[in-house]
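> Got a structure for you, questions after.
The values are calculated or read from the model by the stated rules, or taken from the named source; none is laboratory data. Bear in mind that the values here come from a model prediction, so they are computed numbers and not experimental data. A quick note on method: Cβ atoms are made from the backbone with ideal geometry, for glycine too, and the neighbour counts reach across all protein chains shown.
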Amino acid sequence: MNRTMVKELLSAALVLALGVAGLLHIQYGAWRPAPLVPSYIMPQTAYYFLIASGVWLLAALGFFTLKGRLKALQPSDAKDQDLVGVGVAVALMLGGAVVYFWLVLNLGLIVSTIAFNGLLIAVLAPNATFKSILIVPLLVGAAVWGLFVRMIGITLPPTLLF
Amino acid sequence: MIEVLIEASALAFHPYVLMYVFLGVLLGITLGAIPGLSGDMAIALLLPFVFFLEPALAMGLLVGIYKGGLFGGSIAAISFGVPGTPGAAATSIDGYQAKLKGKPSKALHTALYSSVIGDTTSDLVLIFIAVPLAAVALTFGPIEFFALYAFSLILIAALSQGMVAKGLAVAAIGVLLAMIGRDPITGASRLTFGLPGLSGGLSLIPVLIGIFAISEVVFQGAKLWRRKVDKLMDDVAEQASLLQGYDISKDKLTWAEFKSTLKATYIGAAVGTFIGALPGAGQSLAAFMSYGLAQRFSRRSEEFGKGSLEGIASAESGNSATCGSTFIPLFAFGIPGSATAALFGAAFILMGMTPGPSLLTDYTAIIYALFLTLIFANLVNLVLGKILLPYYSRIAMIQPGYMIPAVFILAIVGTYAANNSVVDVWVLLFAGALGVMLRLMSFPLAPLVLGFIIGPGAERALRQSMIMGGGDWWVLVKSPIAIGFYVAAFALIMLFTVVLRAKK
């Protein structure tokens with residue numbers, strides 16, 4: 001199975017699973033009764049659309065596989081993604097953001113911003129120098145302070161540092 | 001009438017008012033250019049100060065911020081692929097691609113000119129045919145509105161060439177995300193997984209920034225990491241030399257290029273003006289619909305999504321053309337048709353003026369001064385935009401290794417600052433992860449965002465229609481206008497499916 005087929009099968013499975021799970025939730029979940037029109041009418045419509053789209057995806061996959069034109073299912077400019085790179089970036093950036101924001105709430109906005117920015121530059125910037133890792137985060141920290149603390153007056157709980 | 005115009009001119013062109021308009025536009029462009037911040041947010045923050053200002057001064061400041069913010073949103077959309085405002089989401093599709101191809105200046109200038117043209121068109125419509133157009137918009141009942149929403153969703157899904165099924169699927173996911181929170185009729189919590197933080201629903205800003213910006217930033221981060229690991233110093237040197245190698249003189253928008261975008265700009269101006277006058281329809285819908293229609297009528301439709309100047313012009317013109325017409329329901333009937341109109345309505349009330357038809361009779365001079373200020377602010381937007389753009393073009397070419405982390409942090413802090421809500425930050429990160437997953441599986445993202453934006457309006461229209469029809473689905477096809485929308489939607493799907501197959 002090539003990558004396109006795996007991707008399309010996964011897409012169809014995801015869409016169908018969401019649609020079916022949603023309809024089961026409507027059938028067996030606790031929905032508060034509403035006069036004349038149930039409150040799940042819009043979600044239900046969306047779930048029907050999901051299921052129809054999933055079936056459409058599978059039908060298209062079958063059709064193009066039989067015709068031997070599987071590439072027609074991909075956008076013309078589609079490129080294979082670097083899954084390892086994306087995994088690292090997700091872990092570093094999205095995972096790091098959770099830690100960063102926890103630090104913002106406990107340590108302080110500016111200190112956390114400088115530290116997180118320095119970490120991201122050190123790991124991501126291909127030609128980062130020691131000087132740039134020190135200076136750029138300070139500038140970003142100053143910008144965040146000027147914009148959000150001075151101009152906007154962002155409200156944060158009391159923190160340990162600045 | 002002449003006396004009123006003289007009085008209005010004296011108010012609108014008072015040096016202090018002009019100064020406030022300048023200040024407002026500058027502030028609006030700057031804030032709009034920062035991902036997560038918008039002119040609406042600045043207007044909301046300034047509302048308490050409105051109470052202490054003369055009406056003409058306050059209106060000058062607010063109008064300046066509004067117009068500057070609308071254009072500023074496109075700067076972030078083009079420079080970083082991060083829509084600074086919800087209305088700029090459609091601009092980022094082609095704008096960011098143009099920037100990646102080394103044409104940030106052309107893209108930004110196209111956005112500026114089309115924004116000003118669309119905006120001015122909309123203001124003129126507001127001034128001359130406000131009341132009749134509002135009457136047309138208000139003849140739309142829930143059945144027609146639902147058909148319009150369905151048409152918009154199908155149009156944007158059909159735009160995802162080769163991925164109509166995926167487009168429809170993510171539009172449905174977007175609608176479902178919009179359903180999270182309290183049911184507007186029964187007040188019961190829906191789809192919250194028992195989390196109290198979700199009972200208020202998902203805010204637009206974290207979802208929008210997460211889906212479009214965070215996922216893009218993560219993918220850029222992945223590319224940077226790969227380069228670093230592989231030690232591809234040639235690539236690094238190429239990236240590093242982007243700023244030095246970038247020659248702005250070769251990136252100037254020519255007259256021929258500007259002329260080629262005019263048709264798309266006019267389409268955007270017409271669509272945006274009409275959509276802006278429809279209560280609740282909003283800038284994003286106008287921008288996406290303008291983009292879709294301009295692509296259909298373009299001779300170079302295949303370039304859309306790959307840095308097309310027409311794509312930028314149509315989206316930006318459509319977005320900005322809602323600016324004037326969004327006030328039509330507010331002035332004519334006292335109904336705020338958008339968040340911005342609601343903020344202006346609040347400002348009117350703070351100044352002791354009740355929005356509605358009486359505004360035009362009780363405060364004629366002030367309202368006409370506002371009309372003049374709207375037009376003048378466009379001129380200021382053009383001048384300030386022209387002055388600032390060269391700097392923004394250069395900023396956009398700074399090394400991504402330094403920009404990506406800064407944009408990522410600004411997006412997080414900006415999202416928090418919008419509502420001072422920690423939940424919004426978690427929603428942002430969840431939306432970012434969802435965006436990454438959908439991108440990996442080649443799902444288009446625009447339909448999801450549109451589904452999320454118009455989901456509540458579509459639900460309201462659907463439920464009102466169903467109540468009107470006594471629970472009978474056939475009520476949805478009892479209006480000729482609605483049937484027209486459905487037929488057009490079906491035709492579009494057939495057209496795109498058949499055309500796509502023929503092409504491949």
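> Does the range B:381-415 hold any residues that are within 19 Å of B:Leu70 (Cβ to Cβ), at pLDDT 85 or above and crowded, with 24+ Cβ neighbours inside 10 Å, and which are they?
Once the filter is applied, which keeps residues that are within 19 Å of B:Leu70 (Cβ to Cβ), at pLDDT 85 or above and crowded, with 24+ Cβ neighbours inside 10 Å, the range B:381-415 yields B:Asn381, B:Gly385.
> Same structure again: Quick check on my filter: what residues within the range B:1-28 are within 29 Å of the chain's Cα centre (by Cα) and without any contact (Cβ under 8 Å) to a residue 60 or more places away in the chain?
B:Met19, B:Tyr20, B:Leu23, B:Leu27, B:Gly28
> If a residue counts only when it is closer than 17 Å to B:Val383 by Cβ and modelled with pLDDT of 70 or more, which helices (runs of 4 or more DSSP H) contained entirely in the range B:1-90 have at least 2 such residues?
B:15-32, B:55-80
> Closer than 23 Å to B:Val218 by Cα, loosely packed, with under 15 Cβ neighbours inside 10 Å, modelled with pLDDT under 90 and out of contact with any strand residue (DSSP E or B) (no Cβ under 9 Å at 6 or more places or on another chain), is that true of A:Thr129?
The answer is yes for A:Thr129.
> Another question, if that's okay. Residue by residue through the range B:434-479, note down the ones that are of a type in the set (Gly, Ala, Ser), within 9 Å of chain A (Cβ to nearest Cβ) and without any contact (Cβ under 8 Å) to a residue 40 or more places away in the chain.
Once the filter is applied, which keeps residues that are of a type in the set (Gly, Ala, Ser), within 9 Å of chain A (Cβ to nearest Cβ) and without any contact (Cβ under 8 Å) to a residue 40 or more places away in the chain, the range B:434-479 yields B:Gly470, B:Gly471.
> Among the polar types (S, T, N, Q) and either in contact with a Leu (Cβ under 9 Å, 6 or more places away or on another chain) or touching a residue at least 40 places away in the same chain (Cβ under 8 Å) (or both) - does that describe any residue in the range B:296-305?
Scanning the range B:296-305 turns up no residue that is among the polar types (S, T, N, Q) and either in contact with a Leu (Cβ under 9 Å, 6 or more places away or on another chain) or touching a residue at least 40 places away in the same chain (Cβ under 8 Å) (or both).
> I would also like to ask the following. Select from the range B:417-426 the residues that are within 7 Å of chain A (Cβ to nearest Cβ) and either buried (at least 24 other Cβ atoms within 10 Å of the Cβ) or in contact with a helix residue (DSSP H, G or I) (Cβ under 6 Å, 6 or more places away or on another chain) (or both) and list them in ascending order.
Scanning the range B:417-426 gives B:Ala417, B:Val425.
> Among the residues of the range A:15-34, what is the count of those that are free of Cβ contacts under 8 Å to residues at least 12 places away in the same chain, away from chain B (no Cβ under 12 Å) and either surrounded by 11 or more Cβ atoms within 10 Å (Cβ to Cβ) or aliphatic (A, V, I, L, M) (or both)?
The qualifying residues number 1.
> Which residues, counting only those in the range B:186-211, are within 8 Å of chain A (Cβ to nearest Cβ) and either part of a helix (DSSP H, G or I) or crowded, with 17+ Cβ neighbours inside 10 Å (or both)?
Result: B:Arg190, B:Leu191.
> Is at least one residue of the range B:97-113 at pLDDT 85 or above, crowded, with 24+ Cβ neighbours inside 10 Å and basic (Lys, Arg)?
Within the range B:97-113 (the criterion being at pLDDT 85 or above, crowded, with 24+ Cβ neighbours inside 10 Å and basic (Lys, Arg)), the answer is yes, since at least one residue qualifies.
> Could you please find all residues in the range A:20-29 being under 16 Å from B:Arg190 (Cα atoms) and part of a helix (DSSP H, G or I)?
A:Ala21, A:Gly22, A:Leu23, A:Leu24, A:His25, A:Ile26, A:Gln27, A:Tyr28
> Within the range A:62-72, take every residue that is touching a residue at least 12 places away in the same chain (Cβ under 8 Å) and more than 10 Å from chain B (Cβ to nearest Cβ) and give me the one that is farthest from the chain's Cα centre (by Cα).
By that ranking, first place goes to A:Thr65.
> Scan the range A:1-14 for residues that are surrounded by fewer than 20 Cβ atoms within 10 Å (Cβ to Cβ) and either touching a helix residue (DSSP H, G or I) at 6+ places or on another chain (Cβ under 6 Å) or under 16 Å from A:Ala52 (Cα atoms) (or both) and jot them down.
Within the range A:1-14, A:Thr4, A:Leu9, A:Leu10, A:Ala13, A:Leu14 qualify.
> Also: Out of the range B:303-331, which residues are outside any loop (DSSP other than H, G, I, E, B) and either closer than 9 Å to B:Gly272 by Cβ or of a type in the set (Gly, Ala, Ser) (or both)?
Once the filter is applied, which keeps residues that are outside any loop (DSSP other than H, G, I, E, B) and either closer than 9 Å to B:Gly272 by Cβ or of a type in the set (Gly, Ala, Ser) (or both), the range B:303-331 yields B:Gly311, B:Ala313, B:Ser314, B:Ala315, B:Ser317, B:Gly318, B:Asn319, B:Ser320, B:Thr322, B:Cys323, B:Gly324, B:Ser325.
> Of the residues B:Ala315, B:Ala222, only one is closer than 18 Å to B:Gly81 by Cβ, within 12 Å of another protein chain (Cβ to nearest Cβ) and modelled with pLDDT of 85 or more; which?
B:Ala222
> Let me ask something additional. Working only within the range A:117-162, note down all residues that are out of contact with any helix residue (DSSP H, G or I) (no Cβ under 8 Å at 6 or more places or on another chain), within 27 Å of B:Asn420 (Cβ to Cβ), part of a helix (DSSP H, G or I) and more than 9 Å from chain B (Cβ to nearest Cβ).
Matches in the range A:117-162: A:Ala142, A:Gly146, A:Arg150.
> Considering (1) facing chain A (nearest Cβ under 10 Å); (2) over 30 Å from A:Leu139 (Cα atoms); (3) assigned to a helix (DSSP H, G or I), say which one B:Ile409 fails and leave the rest.
(2)
> For A:Val111, work out the one condition from (1) assigned by TED's automatic domain parsing to the domain that holds A:Ala17; (2) in a helix (DSSP H, G or I) it doesn't fulfil.
Looking at each condition in turn, A:Val111 falls short on (1).
> Additional query: Just for the range A:35-61: of the residues that are at the interface with another protein chain (Cβ under 7 Å from one of its Cβ atoms) and assigned to a loop (DSSP other than H, G, I, E, B), which one is surrounded by the most Cβ atoms within 10 Å (Cβ to Cβ)?
A:Ser39
> Quick one: would you say A:Leu94 is part of a helix (DSSP H, G or I), at the interface with another protein chain (Cβ under 7 Å from one of its Cβ atoms) and within 21 Å of the chain's Cα centre (by Cα)?
When the stated conditions are applied, A:Leu94 passes them.
> When A:Leu92 is evaluated against the numbered criteria (1) touching a residue at least 60 places away in the same chain (Cβ under 8 Å); (2) surrounded by 15 or more Cβ atoms within 10 Å (Cβ to Cβ), which criterion, by number, is the only one it fails?
Checking A:Leu92 against (1) touching a residue at least 60 places away in the same chain (Cβ under 8 Å); (2) surrounded by 15 or more Cβ atoms within 10 Å (Cβ to Cβ), the one that fails is (1).
> Within the range A:75-88, work out how many residues are buried (at least 17 other Cβ atoms within 10 Å of the Cβ) and modelled with pLDDT under 70.
0
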